[in-house]
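What follows is a single structure, written as structure tokens, with notes after it.
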Amino acid sequence: MSRLLLAVPAMLGVFVVVFFVIRMLPGDSAEAMLGASATDAQIETYRAAHGLDKPAPVQFWIALKNLFRGDLGDSLSHYRPVLSVVLERLPSTIELAAYGIVLGSVFAVILGVVAASFRGRWPDLIITAYSTFGMSLPTFYIGLWILMVFAVKLDVIPVSASAVEGLPRWKTLFGPVLTIVVGGSLVRTTRSAILEILEEDFIRTARAKGVPKALILFRHALGNALIPIITMVGYGLAVSFGGAIVLETVFGRSGVGKLLIDAITVRDYPLVQGTTFVIALFMIVANLLTDVAAGFADPRIRVAGAGEL
Amino acid sequence: MSDGQRLLEIKDLRISFSVGEDTVRAVNGVSLTLDRGEALGVVGESGCGKSVTFSSVMGLLPSPPAVIEGEIVFDGRDVTKLSDRQMRRVRGKDIAMIFQEPMRSLNPVMRIGNQIVEALLLHGAVSRGQVWTRALELLKLVEVPDAPSRLHCYPHQLSGGLRQRIMIAMALASQPRILLADEPTTALDVTIQAQILELLKRVQRETGMSIVIITHDLGVVADIVDNVAVFYAGVIVEKADKYSLFRSPMHPYTIGLLNCIPTLQTKRKRLYVIEGNIPDPARLPIGCAFSPRCAYATERCLTEKPETRECAPGHFCACHLAGQIDPLNP
Ligand SMILES: Nc1ncnc2c1ncn2[C@@H]1O[C@H](COP(=O)(O)OP(=O)(O)O)[C@@H](O)[C@H]1O
Ligand SMILES: [Mg+2]
């Protein structure tokens with residue numbers, strides 16, 4: 001509940017920061033839209049028509065009032081309401097982030113469990129080295145390598161997904177999702193969570209019962225490690241989303257991330273404002289969802305009442 | 001005691017751990033037998049190797065770092081020689097174990113029922129169709145009130161005493177022949193302690209299994225065991241049936257322990273405490289390990305380790321002075 005209340009100032013903060021930061025960039029919408037050949041008179045007319053001639057605080061006040069009415073304004077480059085432009089692109093980004101998070105987590109968790117169960121021996125060393133390496137490389141760098149291998153060398157995916165009509169969905173997802181998976185950011189979290197849990201008394205109980213090693217790892221240890229792992233997924237959501245934005249640009253997928261980059265390039269202020277606003281909102285919702293998921297993984301923090309005896 | 005009665009025989013067990021430069025000698029030549037239906041009490045201060053000894057019987061000691069020598073013969077087989085897989089079929093099935101910390105010994109994210117059912121299914125104690133009926137029976141056997149609804153509980157919803165009952169129910173799942181109870185009541189309130197011990201005694205009598213109750217408090221188990229083995233610094237310093245042990249203790253350490261138990265007679269006197277601490281298992285004395293704390297220690301005690309001798313029928317003691325000390329006047 002307090003998390004929900006905190007969301008309001010957080011969203012407003014994002015709105016304010018973005019509003020002033022984009023106006024600090026050199027050039028403005030009029031110059032970017034009309035091009036270098038535009039006359040001063042044309043530029044003045046454009047600014048007046050879109051309210052860009054007013055002082056920044058006045059513009060801000062108007063934008064804020066509209067925001068509270070649920071109006072994010074019209075896009076300067078798409079010529080229609082910002083909200084509809086963003087909502088059109090959002091599913092594609094959610095799809096990418098969701099696949100990335102789910103497959104990336106499953107892969108990382110399996111590696112982490114394997115590493116923990118071979119603690120200090122060669123499978124552990126290889127996996128730990130791999131994940132340290134993967135995490136230290138920037139997302140776009142891994143993405144470019146994957147593009148090199150799978151698009152240029154092997155030709156299984158196109159270099160730019162949006163440039164090809166009627167592409168099967170998996171081909172548009174393959175590159176960016178693989179990049180997130182390879183990044184392997186949860187491997188070490190999982191490994192250390194499992195190692196810690198293996199020291200717990202209830203693991204000794206499970207061994208005393210005669211539970212086989214694989215079940216101890218995946219049922220007893222992982223069952224408990226899910227709590228810290230889900231929390232980490234929650235913390236990592238912003239990063240995953242950021243990663244999705246970069247990856248859309250690298251792999252030419254048309255999602256919210258690419259929309260945002262393009263909007264910044266043409267100084268489409270309302271669109272930048274609207275896109276960041278929706279992304280922030282989405283992130284807050286996703287964080288709340290991880291809280292709920294963590295609650296499901298841990299009966300001790302599940303809402304009391306039902307099973308209480 | 002004929003060999004046909006013998007269920008478990010530990011022969012000259014030695015267990016050490018390499019910790020950095022040091023070798024921690026946790027168990028230094030323990031020999032012990034357990035018969036069918038016997039209730040054995042294992043007593044000794046904290047750190048003298050009780051848990052390590054019986055964890056090794058369960059194959060629960062990770063080696064490395066543990067180095068295990070000697071034999072642990074269960075049912076004709078030396079369990080120290082069994083593979084992981086073979087040992088797993090003994091653990092929980094033939095020999096079960098419960099622990100000191102019921103609060104932390106159950107998986108916090110699994111329902112009680114599922115944890116019991118897991119134990120039932122592992123060793124094929126009952127068919128799949130009957131596991132839930134059997135789980136319920138087990139809960140009733142260990143006198144858990146409101147049993148059907150408890151099956152759906154998570155451990156954090158239960159008290160320590162109830163959790164220890166659940167541990168016992170789980171341990172009984174495949175009708176083991178030996179139940180090892182490592183300080184089962186140490187973490188519990190005094191009233192709950194008595195109930196749990198009473199329960200252990202009752203199920204032991206009903207099932208005819210053997211039971212080992214490990215404790216640092218002799219008074220706690222005096223009622224429910226037949227024999228007592230007293231541990232000190234990784235050896236058994238004295239073993240006898242409980243009547244001889246209580247009536248005529250021979251080892252100065254046992255005498256000290258018995259004087260620690262408050263009784264009506266000692267009420268007026270200040271309670272006796274044994275001065276000093278147990279020796280560091282990485283730096284054991286050359287002679288008798290108890291000699292630094294022993295009021296009777298002679299030159300010989302400091303230089304020569306005492307052998308275990310049968311000082312009276314069925315009464316074993318490892319002390320050079322066994323039989324020469326008056327227990328009533330220490
Ligand atoms: N895994 C281990 N590594 C090193 N030393 C250990 C290990 N387990 C137990 N010990 C040592 O062995 C000795 C006996 O421990 P333990 O059997 O737990 O005593 P207790 O009689 O209280 O049950 C202690 O000194 C303890 O520190
Ligand atoms: Mg112990």
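All of (1) surrounded by fewer than 18 Cβ atoms within 10 Å (Cβ to Cβ); (2) without any contact (Cβ under 8 Å) to a residue 60 or more places away in the chain; (3) away from every other protein chain (no Cβ under 14 Å); (4) not aromatic (Phe, Trp, Tyr) hold for A:Leu260 with one exception: (1).
Among the strands (runs of 3 or more DSSP E) contained in segment B:1-80, which hold 1 or more residues that are among the aromatic types (Phe, Trp, Tyr)?
Fully inside segment B:1-80 and qualifying: B:6-19, B:66-74.
Out of curiosity, is B:Leu82 within 20 Å of B:Leu122 (Cβ to Cβ), within 16 Å of ligand 2 (Cβ to nearest atom), assigned by TED's automatic domain parsing to the domain that holds B:Ile213 and modelled with pLDDT under 95? So B:Leu82 fails the test. Scanning segment B:211-233 for residues that are within 16 Å of ligand 2 (Cβ to nearest atom), part of a loop (DSSP other than H, G, I, E, B) and buried (at least 21 other Cβ atoms within 10 Å of the Cβ) yields a count of 1.
Please verify whether B:Phe54 is within 9 Å of ligand 1 (Cβ to nearest atom) and within 14 Å of chain A (Cβ to nearest Cβ), treating the condition exactly as stated. Taking the combined requirement at face value, the residue satisfies it. Looking only at segment B:161-180, decide whether some residue is more than 22 Å from B:Ser51 (Cα to Cα), in a helix (DSSP H, G or I) and at pLDDT below 95. Yes: one or more hits.
Confirm whether B:Asp35 is more than 14 Å from chain A (Cβ to nearest Cβ), more than 14 Å from the chain's Cα centre (by Cα), farther than 20 Å from B:Glu238 by Cα and surrounded by 13 or more Cβ atoms within 10 Å (Cβ to Cβ).
Criteria not met by B:Asp35.
Given the criterion more than 16 Å from ligand 2 (Cβ to nearest atom), of a type in the set (Lys, Arg), under 19 Å from the mean Cα position of the chain (by Cα) and crowded, with 22+ Cβ neighbours inside 10 Å, identify the matching residue among B:Arg205, B:Arg177, B:Arg165. Within the list B:Arg205, B:Arg177, B:Arg165, the selection yields B:Arg165.
Select, from B:Leu141, B:Leu158, the only residue that is closer than 30 Å to B:Val52 by Cα, buried (at least 20 other Cβ atoms within 10 Å of the Cβ) and either in contact (Cβ under 8 Å) with a residue 40 or more places away in the chain or within 13 Å of chain A (Cβ to nearest Cβ) (or both).
Going through B:Leu141, B:Leu158 in turn, just one is closer than 30 Å to B:Val52 by Cα, buried (at least 20 other Cβ atoms within 10 Å of the Cβ) and either in contact (Cβ under 8 Å) with a residue 40 or more places away in the chain or within 13 Å of chain A (Cβ to nearest Cβ) (or both): B:Leu158.
For segment A:89-143, a residue qualifies if it is of a type outside the set (Ser, Thr, Tyr), surrounded by 20 or more Cβ atoms within 10 Å (Cβ to Cβ) and more than 30 Å from A:Leu167 (Cα to Cα), and the qualifying residues are A:Val109, A:Leu111, A:Gly112, A:Val113, A:Ala115, A:Ala116, A:Ile127. Among the residues of segment B:65-74, some residue qualifies, meaning at least one is among the charged types (D, E, K, R), within 16 Å of ligand 1 (Cβ to nearest atom) and touching a Leu at 6+ places or on another chain (Cβ under 8 Å). When A:Val18, A:Val8 are checked against the criterion of being crowded, with 16+ Cβ neighbours inside 10 Å and either touching a strand residue (DSSP E or B) at 6+ places or on another chain (Cβ under 7 Å) or modelled with pLDDT of 80 or more (or both), A:Val18 stands alone in meeting it.
From the list A:Ala225, A:Ala244, the one residue that fits, being touching a helix residue (DSSP H, G or I) at 6+ places or on another chain (Cβ under 6 Å) and more than 14 Å from chain B (Cβ to nearest Cβ), is A:Ala244.
Just name the residue that is surrounded by the most Cβ atoms within 10 Å (Cβ to Cβ) out of those in segment B:64-89 that are facing chain A (nearest Cβ under 8 Å) and within 17 Å of B:Pro176 (Cβ to Cβ). In this case the residue turns out to be B:Arg88. Before we move on, is B:Pro279 of a type outside the set (S, T, N, Q), touching a Pro at 6+ places or on another chain (Cβ under 7 Å), modelled with pLDDT of 85 or more and not in a loop (DSSP other than H, G, I, E, B)? Taking the combined requirement at face value, the residue does not satisfy it.
Entry remark, segment B:119-138: residues being surrounded by fewer than 22 Cβ atoms within 10 Å (Cβ to Cβ) and facing chain A (nearest Cβ under 9 Å) number 2 in total.
Only one of A:Thr290, A:Thr276 is away from every other protein chain (no Cβ under 14 Å), of a type in the set (Val, Ile, Thr), over 11 Å from the mean Cα position of the chain (by Cα) and surrounded by 21 or more Cβ atoms within 10 Å (Cβ to Cβ); which? A:Thr276 is the lone residue from the list that is away from every other protein chain (no Cβ under 14 Å), of a type in the set (Val, Ile, Thr), over 11 Å from the mean Cα position of the chain (by Cα) and surrounded by 21 or more Cβ atoms within 10 Å (Cβ to Cβ).
Scanning segment B:181-196 for residues that are assigned to a loop (DSSP other than H, G, I, E, B), within 16 Å of ligand 1 (Cβ to nearest atom) and either small (Gly, Ala, Ser) or surrounded by 18 or more Cβ atoms within 10 Å (Cβ to Cβ) (or both) turns up B:Glu183, B:Pro184, B:Thr185, B:Ala187.
Being at the interface with chain A (Cβ under 7 Å from one of its Cβ atoms) and either within 16 Å of ligand 2 (Cβ to nearest atom) or buried (at least 21 other Cβ atoms within 10 Å of the Cβ) (or both) is the filter here; which residues of segment B:97-108 pass it? Quick ask: steps written out before the conclusion?
As a first pass, look at segment B:97-108 and keep what is at the interface with chain A (Cβ under 7 Å from one of its Cβ atoms): B:97, B:99, B:101, B:104-108.
If the condition is that a residue be at the interface with chain A (Cβ under 7 Å from one of its Cβ atoms) and either within 16 Å of ligand 2 (Cβ to nearest atom) or buried (at least 21 other Cβ atoms within 10 Å of the Cβ) (or both), then B:Met97, B:Phe99, B:Glu101, B:Arg104, B:Ser105, B:Leu106, B:Asn107 are the ones that fit.
Whether a residue is in contact with a strand residue (DSSP E or B) (Cβ under 6 Å, 6 or more places away or on another chain), in contact (Cβ under 8 Å) with a residue 12 or more places away in the chain, over 28 Å from A:Ala297 (Cβ atoms) and assigned by TED's automatic domain parsing to the domain that holds B:Leu197 was assessed, and B:Val90 does not pass this test. For segment B:142-158, enumerate the residues that are at positive phi and over 29 Å from the mean Cα position of the chain (by Cα). Across segment B:142-158, the qualifying residue is only B:Asp146.
The values are calculated or read from the model by the stated rules, or taken from the named source; none is laboratory data. These numbers come from a predicted model, not from an experiment. Reconstructed Cβ throughout: ideal geometry from the backbone, glycine too, with neighbour counts over all protein chains shown.
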